[in-house]
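Quick notes on the structure that follows.
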Amino acid sequence: MKIIEITYRYDGTDQAVRPRPADAAAARARLEHGSRSIAALLEGHAEGTGTAQLVIPVDPRDLGLEPDAIGAAKQRPYAAILGCSDARVPIELIFNEGPNDLFVVRVAGNGLGSEVLGSLKYAVDHLGGSLKLVVVLGHSGCGAVSAAVDTYLNPKSYLAFAMKHALRSILDRLLIVVSSSAIRMAAAFGPDVVHRPGYRAALIEVAVVSNAALAAYTVQQEMGTDQQGLRAAYGVYLLEARQVWAPREGSGECTGLAYPPADFSGFGDAVLGSERIVRLLDGPAH
């Protein structure tokens, strides 16, 4: 088995410092490249011997280490990312980034509650000098979305949350997305889709990506990111493949991040027609 080594390093040369992305497209490209780098590092880790190494360059300014530093380092992230609280999705690591590169907000189900919107609004208003992209990142098998799907499939289980207001507020937000995802699946595959062996697993993943895309669209509309030189994007981190997945309207491309759909009908067609969802539907029951 290979040894996996991930190192944060500053070697004292200006060449080691990565320049900040100049625009949203460059920010998206850097995140996608970082994600691919980590996935490639971990690919085939059980095969062969030796050490597989990845070095993440660190700018000393981001840690207040430059010789003439006075006070704390200034915040200058190039992307804000709303992710899930799931411990298996360490945002900086999966995008190959170091300190002060990303402004990260994490909450169960990556939902847009008032605190989350307030945090992202702060980033947009106060870090605009460096911020180029706001990303909503879901992940496969999300526990919060899975709970919402199970409640949708067995409505009487909702009563178990009657005295748990904090949990119920997360669930309520997600149930709308789950319900619309289920209706769309029935329209696309027929009412008997509920009897296919992988229906629950497929519904979870359709709801996960729909929730991320809708949240990114909402961020774009609520914060006017397009008018500020910023853009919003969405994606789903696949735990089993360690890759980012994002079906998008009018394209068979599903890897990497995507900008919010202009037409959610076309987006829904892309999600339901994706190889991943079709495979899940005919897979083993979960």
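The values are calculated or read from the model by the stated rules, or taken from the named source; none is laboratory data. Quick caveat, the model's predicted, so the values are computed rather than measured. A quick note on method: Cβ atoms are made from the backbone with ideal geometry, for glycine too, and the neighbour counts reach across all protein chains shown. Surface accessibility is based on the protein's heavy atoms, side chains included, excluding ligands, DNA and RNA. Shrake-Rupley method; radii C 1.70, N 1.55, O 1.52, S 1.80 Å.
Here are a few things to note about the model shown:
- With a requirement of 3 or more residues that are among the hydroxyl-bearing types (Ser, Thr, Tyr), the helices (runs of 4 or more DSSP H) lying completely within the range 89-165 that satisfy it span 114-126, 143-153.
- Selection count where residues are closer than 23 Å to ASP269 by Cβ and free of Cβ contacts under 8 Å to residues at least 12 places away in the same chain, scope the range 142-193: 7
- A single entry from ALA79, ALA29 fulfils the requirement of being within 17 Å of ALA212 (Cα to Cα) and not aromatic (Phe, Trp, Tyr): ALA79.
- Any chance GLY224 is out of contact with any Gly (no Cβ under 7 Å at 6 or more places or on another chain), open to solvent by 10 Å² or more (accessible area, probe 1.4 Å) and small (Gly, Ala, Ser): yes
- Within the range 96-107, considering residues that are over 19 Å from LYS121 (Cα atoms) and in contact with an Asp or Glu (Cβ under 8 Å, 6 or more places away or on another chain), the one surrounded by the most Cβ atoms within 10 Å (Cβ to Cβ): GLY98
- Matching residues in the range 47-88 - criterion: being open to solvent by less than 60 Å² (accessible area, probe 1.4 Å) and among the hydrophobic types (A, V, I, L, M, F, W, C): ALA52, LEU54, VAL55, ILE56, VAL58, ALA69, ALA73, ALA79, ALA80, ILE81, LEU82, CYS84
Here's the yes/no breakdown for (1) crowded, with 23+ Cβ neighbours inside 10 Å; (2) of a type in the set (A, V, I, L, M); (3) touching a Ser or Thr at 6+ places or on another chain (Cβ under 6 Å); (4) within 15 Å of GLU205 (Cα to Cα):
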site: SER130; (1), (2), (3), (4): no, no, no, no
site: VAL135; (1), (2), (3), (4): yes, yes, no, no
site: GLY143; (1), (2), (3), (4): no, no, no, yes
site: ALA148; (1), (2), (3), (4): yes, yes, no, yes
site: ALA160; (1), (2), (3), (4): no, yes, no, no
site: HIS165; (1), (2), (3), (4): no, no, no, no
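- Residues considered: VAL178, VAL208. Of these, the only one that is assigned to a helix (DSSP H, G or I), in contact with a Cys (Cβ under 7 Å, 6 or more places away or on another chain) and crowded, with 16+ Cβ neighbours inside 10 Å is VAL208.
- Taken together, the residues in the range 11-25 that are modelled with pLDDT of 75 or more and open to solvent by less than 40 Å² (accessible area, probe 1.4 Å) amount to 2.
- Scanning the range 227-281 for residues being hydroxyl-bearing (Ser, Thr, Tyr) and open to solvent by less than 40 Å² (accessible area, probe 1.4 Å) gives a total of 3.
- Of everything in the range 40-84 that is in a loop (DSSP other than H, G, I, E, B) and among the acidic types (Asp, Glu), the residue that is nearest to the chain's Cα centre (by Cα) is GLU43.
- Residues in the range 274-286 that are touching a residue at least 40 places away in the same chain (Cβ under 8 Å) and closer than 27 Å to LEU133 by Cβ: 2 in all.
- Filter pass, ALA213 being buried (at least 22 other Cβ atoms within 10 Å of the Cβ), under 28 Å from ALA80 (Cα atoms), touching a Phe, Trp or Tyr at 6+ places or on another chain (Cβ under 8 Å) and modelled with pLDDT of 95 or more: yes
- Residue within the range 248-263 that is out of contact with any Asp or Glu (no Cβ under 6 Å at 6 or more places or on another chain), part of a loop (DSSP other than H, G, I, E, B), at pLDDT below 95 and of a type in the set (Lys, Arg) present: no
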